[in-house]
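Data first, discussion second: the structure below is written as structure tokens.
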Amino acid sequence: MLVCRWYLAGLTVCMMLLALVFTGSPAGASRIATKVMVRAVSKDAKVIGSKVGGARITIREVATGTVLAEGVTEGGTGSTERIMVRPRERGAEVFDDPDAAGFLATLLLEKPTVVEVTAVGPLGAPLSTQRSSKTLLLVPGQHVLGEGIILEIHGFTVELLMPPAEARLGAGQTLEVRAAVTMT
């Protein structure tokens, strides 16, 4: 019984030390501002920017379901040269560009926290909206900036140009269809 108590006491001390290492402060002492950049990008294409309505970003704590931050990406589609032309090298920054849309959240974290980050977009094309998510561990004070968290959204945006919605056809009539199709 004595060995079991010492083991539990040692385990408690280890957990407190781990909390101190990860948070920089004793467990529960304070909340530390942690900046997180999130970008939504189209599959094998550019950043989903303001022109198509951006993407709604939600950062939720997995353990409790609490929403830690929510907002919409704002900005442009990023550098065409870096994203679409240059071959990509491992570890190279592709989306960290002053023009690239993103959502910057500042979270107040007390301890290492597992979060789910979700993007829904493009918001300007409701019929083409897709959802993407990623689960990861955030450590207080360890900012995720630069490229940020990249969420890839698959699909195309299809805008019907012709015929108008009110057009009526009779049996046997031909119909001309025109649409604008872009990568999401």
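Can you give the extra length, in nm with one decimal, that the chain gains between GLU89 and LYS134 once fully stretched, where that is 0.36 nm per residue apart less the Cα-Cα distance?
Between GLU89 and LYS134, full extension yields an extra 13.9 nm.
Local charge sum around GLY141 (other residues, Cβ-Cβ under 14 Å, Lys/Arg +1, Asp/Glu -1)?
Result for the neighbourhood of GLY141: +2.
Hull surface divided by four, with the convex hull built on the Cα atoms of the stretch 94-184: how many nm²?
Over all viewing directions, the stretch 94-184 projects a mean Cα-hull area of 8.9 nm².
Cβ under 15 Å from ILE83's Cβ, ILE83 left aside: what net charge do those residues give with Lys, Arg +1 and Asp, Glu -1?
-3
Using each residue's phi in the stretch 39-56, evaluate 6.51 cos²θ - 1.76 cosθ + 1.60 at θ = phi - 60° and report the 3J(HN,Hα) Karplus result to the nearest Hz, with x for Gly and Pro.
10, 9, 10, 7, 3, 6, 8, 9, 6, 7, x, 5, 4, 9, x, x, 10, 7
Give me the lysines in straight-line cross-link reach of LYS43: C-alpha distance below 29 Å, same-chain residues under 8 apart excluded.
Of all the lysines, those that pass the test against LYS43 - Cα under 29 Å, at least 8 places apart if same chain - are LYS35, LYS51, LYS134.
Highest first, please rank the peptides 53-60, 93-100 by the mean number of other Cβ atoms sitting within 10 Å of their residues.
Highest to lowest by the protection proxy: 53-60, 93-100.
Can you list residues from other chains, or at least 5 along the same chain, whose modelled amide H is less than 5 Å from the amide H of ILE153?
VAL41, SER42, LYS43
Using the per-residue mean of other Cβ atoms lying within 10 Å as a proxy for protection, in what order, highest first, do the peptides 127-134, 160-167 fall?
The peptides rank, most packed first, as 127-134, 160-167.
Just so you know, all these numbers are worked out from the coordinates, no wet-lab data involved. Model, not experiment: these values are computed from the prediction. Because the Cβ atoms are built from the backbone with ideal geometry, glycine has one as well, and the counts that use them run over all protein chains shown.
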